[in-house]
1. In segment 66-100, what residues are assigned to a loop (DSSP other than H, G, I, E, B) and more than 15 Å from the ligand (Cβ to nearest atom)?
2. Looking at the structure I just gave you, is VAL63 in contact (Cβ under 8 Å) with a residue 24 or more places away in the chain, within 13 Å of the ligand (Cβ to nearest atom) and touching a Leu at 6+ places or on another chain (Cβ under 6 Å)?
3. For segment 90-120, which positions are of a type in the set (S, T, N, Q) and in contact with a Phe, Trp or Tyr (Cβ under 7 Å, 6 or more places away or on another chain)?
4. In segment 4-60, which residues are away from the ligand (no atom under 13 Å from the Cβ) and in a loop (DSSP other than H, G, I, E, B)?
5. Can you work out which of the residues in segment 186-228 that are modelled with pLDDT of 80 or more and among the aromatic types (Phe, Trp, Tyr) is surrounded by the fewest Cβ atoms within 10 Å (Cβ to Cβ)?
6. Collect the residues in segment 83-120 that are in contact with a strand residue (DSSP E or B) (Cβ under 8 Å, 6 or more places away or on another chain) and surrounded by fewer than 17 Cβ atoms within 10 Å (Cβ to Cβ), keeping them in residue-number order.
7. If I ask for residues that are aliphatic (A, V, I, L, M) and within 17 Å of the chain's Cα centre (by Cα), which ones from segment 103-130 would you list?
8. Which pairs turn up if I take residues in segment 28-56 that are at negative phi and look for partners that are within 13 Å of the ligand (Cβ to nearest atom) and basic (Lys, Arg) with beta carbon separation below 8 Å, at least 6 apart in sequence or on another chain?
Amino acid sequence: MEIAGKLTNQQLVVTGGSEGIGRAYAFELASHGMNVIILSRSKDKLERTAKEIEEETGKRVKVLVADFSRDDVYREIEDNLKDLEIGVLVNNVGILPSMIPSKFLETKNLNQTMTDVINCNMRAMAEMCRICLPGMEKRGKGVIVNLSSGVATIPCPLYSLYSASKVFVERFSLCLQAEYSAKGIIIQYLKAGGKIHGSVGHTFMGWLLQSLPSGILHSEAMQEGFIAYVKKLSQVQLLNQVGSYSLFPLGFSTLKLCRKVFCE
Ligand SMILES: NC(=O)c1ccc[n+]([C@@H]2O[C@H](COP(=O)([O-])OP(=O)(O)OC[C@H]3O[C@@H](n4cnc5c(N)ncnc54)[C@H](OP(=O)(O)O)[C@@H]3O)[C@@H](O)[C@H]2O)c1
């Protein structure tokens, strides 16, 4: 209850906020009193989510349509956010081009995929920080949450672009934290699907991958076997279950940060 009272005047921005983890963040922090701005490509999905959050929490939700695979969306976002006091930014948007693993050169539509992954997973985070940090710095308060992944923990062949993009998220977050902690701003990266924040399935997979020597894990035979295994899984549609885990550990650690920054 203490958190709810203190977060009431704070404004939350969530990229990729219409579905999945971003939507769950928007719901969770709105239920603790924050007004919310969610961004994604589809106006319909955004409006549906906004209506649900407003009805359930009574908080105001603003939607902004933006395709982060493009690099010309930031002027409009900046214009829409410029008069708002953003307390919390959740850089959630991120794309895994295909759940089916493949070697870099065998990636479908490689050129476009490179642009999409770089723009959505890395550039969007840096641009949104560029837009939101100055206000946080001026007010001496703010929380930025950047979504990484368990795949950033060890080199993950067959998901090279995606896993490397998540390493960028972590390095960028750590450097920014060092630059801005003295200004009262906390920057957190979260390994969704990692050791601490994932489902039981994710945790087991993480443990297994980290336990195998890289000579075995990265061998050609292992990679071929893994591609065949995931393709088989996809045929029986088990892959849909991979992304379904509770926001609880993720959201809880962010709430603790918000309490530290805005309530203490
Ligand atoms: N789910 C997992 O198991 C998992 C594991 C590790 C890491 N992560 C990371 O956690 C974050 C969220 O994952 P998620 O599984 O919740 O994602 P998701 O369910 O696929 O949701 C993606 C959200 O991003 C939006 N989006 C997708 N492409 C976009 C684009 N080009 N421009 C703007 N918005 C876009 C979608 O809305 P529109 O379609 O309307 O644009 C949607 O709101 C990602 O950074 C992901 O890498 C997830």
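1. If the condition is that a residue be assigned to a loop (DSSP other than H, G, I, E, B) and more than 15 Å from the ligand (Cβ to nearest atom), then LYS82, ASP83, LEU84, GLU85, ILE100 are the ones that fit.
2. Answer is yes for this residue.
3. ASN92, ASN119
4. THR8, ASN9, GLN10, HIS32, GLY33, MET34, GLY58, LYS59, ARG60
5. Only one residue tops the list, namely PHE226.
6. Scanning segment 83-120 gives LEU84, GLU85.
7. If the condition is that a residue be aliphatic (A, V, I, L, M) and within 17 Å of the chain's Cα centre (by Cα), then VAL117, ILE118, MET122, ALA124, MET125, ALA126, MET128 are the ones that fit.
8. If the second residue must be within 13 Å of the ligand (Cβ to nearest atom) and basic (Lys, Arg), the pairs left are ILE38/ARG23; THR49/ARG23.
The values are calculated or read from the model by the stated rules, or taken from the named source; none is laboratory data. Since the structure is predicted, the reported quantities are computational estimates derived from the model, not experimental observations. Heads up, the Cβs are rebuilt from the backbone with ideal geometry, glycines too, and the neighbour counts pull from every protein chain shown.
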